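Laboratory data are not the source of any read-out in this text; all were calculated from the coordinates shown. Everything numeric in this text was worked out from a predicted model, so none of it was measured. Heads up, the Cβs are rebuilt from the backbone with ideal geometry, glycines too, and the neighbour counts pull from every protein chain shown.
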Amino acid sequence: MFALITVGIFCVMAVVLLLIRKAHIASVRNLKETFGRIPDEEHDMKRVSSYHVHAIQADEETSFLDSTTWGDLSMDSVYQRINACHCSIGDEYLYHVLHDVHTPQSTLESRYLLKEWLSTDEVSRLRLQKILVGIGKRPGNGLGAFIFYPFTKRLGNDWIYVVLAMSPLVACALLSLSIQISMGILICSVCLNILVSVNKTSSLESELESLRYFSSLVHGAKMINREFASRLNEMCESGTLGDDLEISLAPFRRMRGVLPGSMNPFAAEVEVPFLVLKAVFLMDLIRYNRTVGLMIAHNQELQMLYKIIGELDMAVSSASFCASIPWYCKPHFDEENFIVIENGYHPLVSNPVPNSVVLKNDSILTGSNASGKSTFIKMIAVNHILAQSLFICCAKEYSLGRAFVISSMALRDNIEIGESYFMAEIRSLRRIMDECKKQRCVCFIDEILRGTNTPERIAASTAVLRVLHKTQSMCLVASHDIELTEILDEIYDNYHFIEHFEKDEVVFDYLLKKGPSKTRNAIRLLEYMGFDEQVVIDAREMLGEK
């Protein structure tokens, strides 16, 4: 009988080990197959942005991309296209980094080194990915509030919880004096403590969940430090990334001992008797306060730890993104605010037509409807952001001067506040002019002041563009107004896109050409789309055409 039981135990263990091995192989296969593919995960952008919201409130000196520019350039979609992160920290940190075009070049160089390492060393990448997957995804984990405003998370009068926790022990100590008094105090203290524990832990449910996730972060960081500390130093311009991880981890190394068992995602479920015991002695509340106190006392290390894990997950994502696109390059920064592009393309465009250009001056882009003007300036804007945040560009060569990115494109009426389209345009242009006075920018404007009549639009647009030309910024404008190319010819360079018709079909080559546009296609498109012949004839007669 004993032999049969022994054999049975070994069989069960063998099956369990086989299943674990099978799951491991499947996990590794999935990581290999998804690397270099277009991500298909949908993200809740409100939750993803939580860290960024706290970060910009805490850092009022840095200029981050504003919501108008972010929306104009469809940066949510660009973010989704790039994001192949494996934990929520990477998701949130990538979103924040894409808003920051003032990142020091040393940091950018380190990001590129990390990306290249993970692109070429599959074994190390898979080991790192498994650890990051272990940290897990918990959208809206709330860690940002603990990082930037830990004082607001601490329970007030924490000494009260210590006194209440000691009261059952005091009651037991009084047994030798009076059993009745001792039992009365014990019953009251136990009931009171359970009531306080249940009430407080219920109100702290989201905060406790945040600390559970922080426990996962610490556990994963320790594994990364153990496996990659020396290698991380090599992958950093300063040579201290691994050392920085060790320093940031030091105050939190005993975190699993500090946090209650229910906060430890790697522990088994706590049995009911232990839950009652924890409630009686207010263990969750006392340890919660100790943990928050640790975050307050070592806030710099906490921020560093979060950023390092974010950088590593973001590096995996960048490597995967680069493997999924036709080509990419490491940008070159110039002192002058010039733009030199060889075979640049927009990362969101399928089968893109690459363009090459050298821009050393403010420029106006003209061309027919749907010819590619807007996509071209968005291509430059997005690549400027990628260059100054991730240190990669969707081009074979890309040179630029460091500059803030700001745009005015996809405007609309705001019915809720009673603001017309034209007022929204004026407000948007004013913010560009104000920003250009404060720092060097690259401005992207699509169809300037199209919300008003033609004579005033030409006059006002000319005045605005002349003012922008006098700043240290570069201005790229897409417009249908040929008049602007003539009026501003001496101070703005001109480029255009063109189309041709083949058997009643409009064909665009989407290639940038020098000089202003000389063609129009609006009336031809009316004819192509089947409008009445008389409509087309009348339109042509008004233009003096036959």
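The Cβ shell under 12 Å around ILE247 holds other residues with a net charge of -3, Lys and Arg each +1, Asp and Glu each -1.
Among MET223, MET166, which comes first, then next, by fewest other beta-carbon atoms within 10 Å?
Working: MET223 17, MET166 14.
Lowest count first: MET166, MET223.
Decide, for the chain, between rounded, prolate and oblate: order the square roots of the alpha carbon gyration tensor eigenvalues as a ≥ b ≥ c, take rounded if a/c falls under 1.5, and otherwise choose prolate if a/b is larger than b/c, else oblate. Prolate, since a/c reaches 1.5 and a/b exceeds b/c.
Roughly what % antiparallel, to the nearest 5, for the DSSP beta bridges in the range 332-542? Can you show the working numbers first?
Details: 14 of 35 bridges.
Expressed as a percentage, antiparallel bridges in the range 332-542 total about 40.
Summing Lys and Arg as +1 and Asp and Glu as -1 over all other residues whose Cβ lies under 12 Å from the Cβ of TYR345 gives a net charge of +1. For the range 59-187, taking Cα atoms only, Rg and Dmax work out to 25.7, 77 Å respectively.
A helix-only calculation puts the chain at -18500 deg cm²/dmol for mean residue ellipticity at 222 nm, using -39500 (n - 2.57) for each DSSP H run of at least four residues, averaged over all residues. If you wrap the Cα atoms of the range 379-504 in a convex hull and average its projected area over all directions, you get 11.1 nm².
Can you give the % of DSSP beta bridges in the chain that are antiparallel, to the nearest 5?
Values: 15 of 36 bridges.
Among the beta bridges of the chain, antiparallel pairing accounts for roughly 40 percent.
When each full DSSP H helix of the chain is screened for a Cα extent of at least 27 Å along its own axis and an average Kyte-Doolittle hydropathy of at least 0.0, the helices passing are 2-34, 179-203, 299-324. Remark: the Cα gyration tensor places the range 432-532 in the prolate category, a/c being 1.5 or greater and a/b exceeding b/c.
Are any of the pairs LYS46/LYS307; LYS130/LYS278; LYS32/LYS137; LYS153/LYS200; LYS115/LYS360; LYS115/LYS307 more than 22 Å apart by Cα-Cα distance, and if so, which?
On the way: LYS46/LYS307 20 Å; LYS130/LYS278 33 Å; LYS32/LYS137 19 Å; LYS153/LYS200 13 Å; LYS115/LYS360 31 Å; LYS115/LYS307 16 Å.
Pairs exceeding the cut-off: LYS130/LYS278; LYS115/LYS360.
Take each peptide in 91-97, 75-81, 151-157, count the other Cβ atoms within 10 Å of every residue, and average; sorted highest first, the result is 91-97, 75-81, 151-157. Dipole size of the chain about its Cα centre, with +1 on Lys/Arg Cβ and -1 on Asp/Glu Cβ: approximately 2280 debye, rounded to the nearest 20. Answer rounded, prolate or oblate for the range 332-542, using the Cα gyration tensor with square roots of eigenvalues a ≥ b ≥ c: rounded when a/c is under 1.5, else prolate when a/b is larger than b/c, else oblate. Judged from the Cα gyration tensor, the range 332-542 comes out oblate (a/c at least 1.5, b/c at or above a/b).
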